[in-house]
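Written below as structure tokens is the structure these notes are about.
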Amino acid sequence: MVLFVKDNTPSTRADLELFFEDPEADRRTWQSYEQVEKGHGRLERRLITTSPDLNDYLRREWGEVGQVFRVERERSSRDKYSREVVYGWTTLSPQHWAVENRLRLLP
């Protein structure tokens, strides 16, 4: 299961933002995967970063958590640019997630 954390859970979203944006965070357990696609006059870049470091913390409120993630999406064309960052968690373990990321990156 994959759950995107939205604005209706502001404290969880804030926790994930703080965690991933912390410049002093220990990133040894983090994994990242980037996908870049060019076509139809636009460039799309997606970067996902995952970590199992918040599992115990989130398990109290959300149950089974395999790891948390941050997805950054950028799209650019001649006259437009957009950037979006979303956060969430999945029940998939880091090992299973690595296999999934080789197959495809979250849209």
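The trypsin sites (Lys or Arg not before Pro) of the stretch 13-76 that meet both conditions, a loop assignment by DSSP and at most 14 other Cβ atoms within 10 Å of the site Cβ, are ARG27, ARG28.
Please state, as a whole number in µm²/s, the translational diffusion coefficient that the Stokes-Einstein equation yields for the stretch 1-54 at 20 °C and 1.002 mPa s, with Rh defined as the Kirkwood radius across alpha carbon pairs. Answer, rounded: 159 µm²/s. Normalised by 2.2 N^0.38 Å, where N is the number of residues, the alpha-carbon radius of gyration of the stretch 2-103 equals 1.16. Among THR12, THR50, THR29, determine the one that fluctuates most according to a GNM of the chain built with springs between C-alpha atoms less than 10 Å apart. So, out of THR12, THR50, THR29, the one fluctuating most is THR29.
With 0.36 nm allotted per residue and the present C-alpha distance subtracted, the LYS6-ARG28 stretch has 5.2 nm of extension available.
Comparing TYR33, TYR87, TYR57 in a Gaussian network model of the chain where C-alpha atoms under 10 Å apart are linked, the largest mean-square fluctuation is found at TYR57. Of all the options GLN35, GLN95, GLN67, the one that moves most in a Gaussian network model of the chain with Cα springs shorter than 10 angstrom is GLN95.
Length gain on complete extension for the stretch GLU44 to ARG59, per 0.36 nm per residue less the alpha carbon to alpha carbon distance? Spell out each step's value before the answer.
Numbers: separation 15, 0.36 × 15 = 5.40 nm, distance 3.35 nm.
Length gained between GLU44 and ARG59: 2.1 nm.
What is the extension gain from THR91 to GLU37, computed as 0.36 nm multiplied by their sequence separation minus the C-alpha to C-alpha distance, in nm to one decimal?
Working: separation 54, 0.36 × 54 = 19.44 nm, distance 2.76 nm.
Computed gain between THR91 and GLU37 is 16.7 nm.
Name the GluC sites (Glu not before Pro) in the stretch 1-101 that are in a loop by DSSP and that have at most 15 other C-beta atoms within 10 Å, would you? Within the stretch 1-101, the qualifying GluC sites (Glu not before Pro) (loop, at most 15 other Cβ atoms within 10 Å) are GLU24, GLU64.
In deg cm²/dmol, rounded to 500, what helix-only [θ] at 222 nm does the chain give when every DSSP H run of at least 4 residues adds -39500 (n - 2.57) and the total is split over its residues? Intermediate values should be presented prior to the final figure.
Details: 3 runs with 30 residues, N = 107.
Here the helix-only value at 222 nm equals -8000 deg cm²/dmol.
The simple spin-label model puts a point 7 Å past each Cα toward its Cβ; for GLU21 and GLU84 those points are separated by 1.9 nm.
None of the figures in this text is laboratory data; all of them are computed from the coordinates on show. Because the structure is a prediction, the values reported are computed rather than measured. Please note: Cβ atoms are built from the backbone with ideal geometry, for glycine as well, and neighbour counts cover all protein chains shown.
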